[in-house]
Amino acid sequence: MATLKARWGKIVRPLIAEHHGRLVKLMGDGVLVEFGSAVDAVQCAITWQEQMAQANGGLPEASWILLRIGINLGDVIIEEGDLFGDGVNVAARLESLAEPGGICLSGSVYDQVKRKLPTDFAALGPQMLKNIAEPVHVYRIRLGNSAKPVTASQVDEPLALPAKPSIAVLPFTNMSQDTEQETFVDGLTEDLITDLSRHSELFVIARHSTFAYKGKAADVRQIARDLGVRYLLEGSARRAAERVRINAQLVDVSSGEHLWAERFDRELEDIFRVQDEVIGRIVEALLGRLVAPPPRIRPTDLRAYDLCVRARALVGRSPEAEREATLLLEQAIALDPGYAEAYRWLAFNLWTTWVHCGGPIEPNRHRAVELAERAVAFDPHDAGSRWVLGLLLAYEGRWSESDAEYATALKLDPNHADAWAMQSELLTYNGQSTAAIEGVQKALRLNPHPAGWYYGIVNLTLLVALASV
C-alpha cells in the first residue's frame, strides 16, 4: 500500500496534470481519469506504463506493481464531479482485457490517434463486452518490454498439478446472432462449473479465473499452464426460439487428446437435463462411473431462470446495477416461489447493498437473513446458499451457526473458492490466523485470477497473522 501511494504521488498525478487530464476518483487500486483529448489520454497512458516499469526495475518481481489501462471515447454523464454511463463502462471492460502492464483502447480512440502518435497498434477485433449491447472493436498498444522489467527469468513457475484430476471450463462461445443471448451462454458455463465443483474427486477452477480468457485468443496449453490444470472443457451454444444447441469437448491438454465430444440439440426446456448429461460424461471420462452428489433443485420456470442469470451478472457491480438485480430476482421468485438460487442471490445482493454500496441497513439486513434461510430450506444441498447464509449469520454475531453453514458448504462443494476466501476473512476476525491462511491459499489455488476483493482478504489475513507473531 505504501508503494502504491508513492506511485500515485510521483507518477500518476504528475502525468495526469502534464497531459491535461482530470482525476475523477481513486478506487482502491484503481483510478478513473477524464481527458479532453484522445491523444493526451493515450500519450499519458504510454508514459505512465513506461515510468511504472522503470520504478519496478529496482524491485524484486514479487513487489512489482503492474497496472492495466483501458481507454474509451464516448458520452458520459457528470454528476457531482463523478462520471457515469456506457462510456465509462466500456473503458472498465477494456481495462480488464489488457495484460498486466498493458493498454487496450476502443476503435473510437484508435481512429483519433492512429495517425498522430508513433505507436504500434495490434487489432484484437470486435469483442463482446459484459453488459454492452454491441461488439466493440478493440486495439492493444504494443509496448515491447518497456512496461515490464527484464529479469533473469521471465517465465513464471507453472502451478503444480493437483493430485486429483484437474479441470477448467472455458467460457462457451455464443453462436447466436442475438447478442442478448450472451448472458444465457455465460450462465450455462457458470452452471457447468458449479455442477462439476460439487464432485469432491475433481479439482475445478473457479469461474472468475476461466472467464479471464473470455473473448481472448489464447493457446489451450498456455491456459492450462496458467491455471494449473490437465483438462479443459470448451464449447459453444446457440439459443433460438424454443431450442438450444450445445457443442462441448473435453481435452487432455498434456497429450492433446480429445477425450469426449458431443452435440446436443434439444428443446430449451431440456437445458438442465443437458447440463446433467454433460457433467455425467465428463465425470465418467475422468473418474469412471461414480455415485452423483445429491442434485441441486432446478427452477420450474425458464423465465425465472433467465431473470436469475441476468441478475447474478449485476450483483456487486454498482448501486444502480444492484437495484436492477433486486428487481429481477424479485420477479424470478414471483414466477417460481421455490427457486432456491434466486432467494440466495437476492439475500447476497441485499447484503452487498448495505455493506458496500451505502444502501439502507434495515430492512435489508433482516430480510437478507430470512431470504438466505429460505434458500437453504428449499435446497439444503446447494453450497452457494449455505455459505451466503454463513456469511450473513456471522454479521449477526451468530458465530457457531455461521461456522456450521460454512463447514456444510465446503463439504458439499470443496472447490468453492469464494466460500474458502470468505470463510478465511471470518476466521481472521475470530483470531484463527493459521486456518485463515490455509483457506486463502486454497481459494487462490482454485481461483488463480481472482476478483480484486480477494486481495483485501489476503492482506487482512497476513497483517493479522504477522501482528500475532
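None of the figures in this text is laboratory data; all of them are computed from the coordinates on show. From a predicted model like this one, the values you see are computed outputs, not experimental measurements. Here Cβ is always computed from backbone atoms with ideal geometry, including for glycine, and neighbour counts include all displayed protein chains.
Over the range 166-287, what is the percentage of antiparallel beta bridges among all DSSP beta bridges, to the nearest 5?
Bridges in the range 166-287 are about 75 percent antiparallel.
Hand me the tally of lysine pairs in the chain: alpha carbons under 15 angstrom apart, and the pair either on different chains or 8 or more positions apart.
Going through the chain pair by pair, I get 5.
Short version: ³J(HN,Hα) in whole Hz for each residue of the range 162-171, in order, from phi by Karplus 6.51 cos²θ - 1.76 cosθ + 1.60 (θ = phi - 60°), x for Gly and Pro, what are they?
For the range 162-171, the Karplus-derived couplings read x, 5, 7, x, 10, 8, 10, 9, 6, x Hz, x marking Gly and Pro.
Which angle between 0 and 90 degrees, to the nearest 10, do you get for helix 340-355 versus the longest principal axis of the chain when only C-alpha atoms count?
Long axis of 340-355 versus the principal axis of the chain: about 40 degrees.
Taking the highest mean first, how do the peptides 1-12, 277-288 order by number of other beta carbon atoms within 10 angstrom per residue?
Top of the packing list down: 277-288, 1-12.
Whole-Hz Karplus ³J(HN,Hα) for the range 309-324, in order, using 6.51 cos²θ - 1.76 cosθ + 1.60 and θ = phi - 60°, x for Gly and Pro?
4, 5, 5, 5, 6, 9, 4, x, 8, 6, x, 5, 5, 6, 5, 5
If only Cα atoms are counted, what is the Rg of the chain, and what is its Dmax, in Å?
Gyration radius and largest Cα-Cα distance of the chain: 22.8, 65 Å.
What's the center-to-center distance, using Cα atoms, between the range 223-280 and the range 171-190 in Å?
Each part reduced to its Cα centre gives a spacing of 13 Å.
Quick one: which residues, 5 or more positions from I71 or on another chain, have an amide H under 5 Å from its amide H? H modelled 1.01 Å from N in the peptide plane, none for Pro or chain starts.
Answer set, sorted by chain and number: C104, L105, S106.
Quick one: work out the % antiparallel among DSSP beta bridges in the chain, nearest 5.
Among the beta bridges of the chain, antiparallel pairing accounts for roughly 80 percent.
Explain nothing, just compute: Karplus ³J(HN,Hα) = 6.51 cos²θ - 1.76 cosθ + 1.60, θ = phi - 60°, for every residue of the range 405-413 in order, whole Hz, x for Gly and Pro.
5, 5, 4, 5, 4, 6, 6, 5, 9
Please compute, for the alpha-carbon atoms of the range 2-142, the extent along each of the three principal axes and give them in descending order in Å.
42, 37, 29
Give the shape of the range 200-262 as rounded, prolate or oblate, defined through the alpha-carbon gyration tensor: a ≥ b ≥ c are the square roots of its eigenvalues, a/c under 1.5 means rounded, and otherwise the shape is prolate if a/b is larger than b/c and oblate if not.
Prolate, because a/c is 1.5 or more and a/b exceeds b/c.
For H449 paired with R398, estimate the spin-label separation in nm (one decimal), with each label point 7 Å from Cα along the Cα-to-Cβ line.
So the label points at H449 and R398 sit 3.8 nm apart.
How much length is gained on full extension from I78 to R367, taking 0.36 nm per residue of separation minus their Cα-Cα distance?
Roughly 100.7 nm would be gained on extension.
Using a/c under 1.5 as the rounded threshold, could you call the range 302-467 rounded, prolate or oblate? The axes a ≥ b ≥ c are square roots of the C-alpha gyration tensor eigenvalues, and prolate needs a/b larger than b/c, oblate otherwise.
It comes out prolate by the Cα gyration axes.
For the chain, what is the calculated [θ] at 222 nm in deg cm²/dmol (nearest 500), taking -39500 (n - 2.57) for each run of four or more DSSP H residues and dividing by its residue count?
When only DSSP H runs of four or more count, the value is -15000 deg cm²/dmol.
How big is the convex hull of the Cα atoms of the range 166-287, per residue, in Å³?
So the per-residue Cα hull volume is 95 Å³.
Working from Cα positions, state the angle (0 to 90°, nearest 10) between the long axis of helix 383-395 and the longest principal axis of the chain.
The helix 383-395 is inclined about 70 degrees to the chain.
Collect residues whose amide H, placed 1.01 Å from N in the peptide plane, falls under 5 Å from the amide H of L159; neighbours closer than 5 in sequence don't count.
So L159 has HN proximity to G228.
Obtain the nm distance between the two label points defined at E320 and L460 by a simple spin-label model: each point lies 7 Å from its Cα along the Cα-to-C-beta direction.
Between E320 and L460, the simple spin-label model gives 2.9 nm.
If packing is taken as the mean number of other Cβ atoms within 10 Å per residue, what is the order of 310-323, 414-427, 259-272, highest first?
Highest to lowest by the protection proxy: 414-427, 310-323, 259-272.
How many nm separate the modelled label positions at K5 and L59, each set 7 Å beyond the Cα in the direction of the Cβ?
Once both label points are built, they end up 1.5 nm from each other.
Rounded to the nearest Å, what's the spacing between the alpha carbon centres of the range 288-318 and the range 376-409? Just the number, please.
Rounded to whole Å, the Cα centres lie 18 Å apart.
Please list the equivalent ellipsoid semi-axes of the range 269-323, computed as the square roots of five times the alpha-carbon gyration tensor eigenvalues, in descending order and whole angstrom.
Gyration-tensor ellipsoid for the range 269-323: 31, 14, 9 Å.
Using amide H atoms built 1.01 Å from N in the peptide plane, name the residues 5+ places from V33, or on other chains, whose amide H lies under 5 Å from its own.
So V33 has HN proximity to V24.
Quick one: what do you get for the range 388-469 if you divide its Cα Rg by 2.2 N^0.38 Å?
1.02
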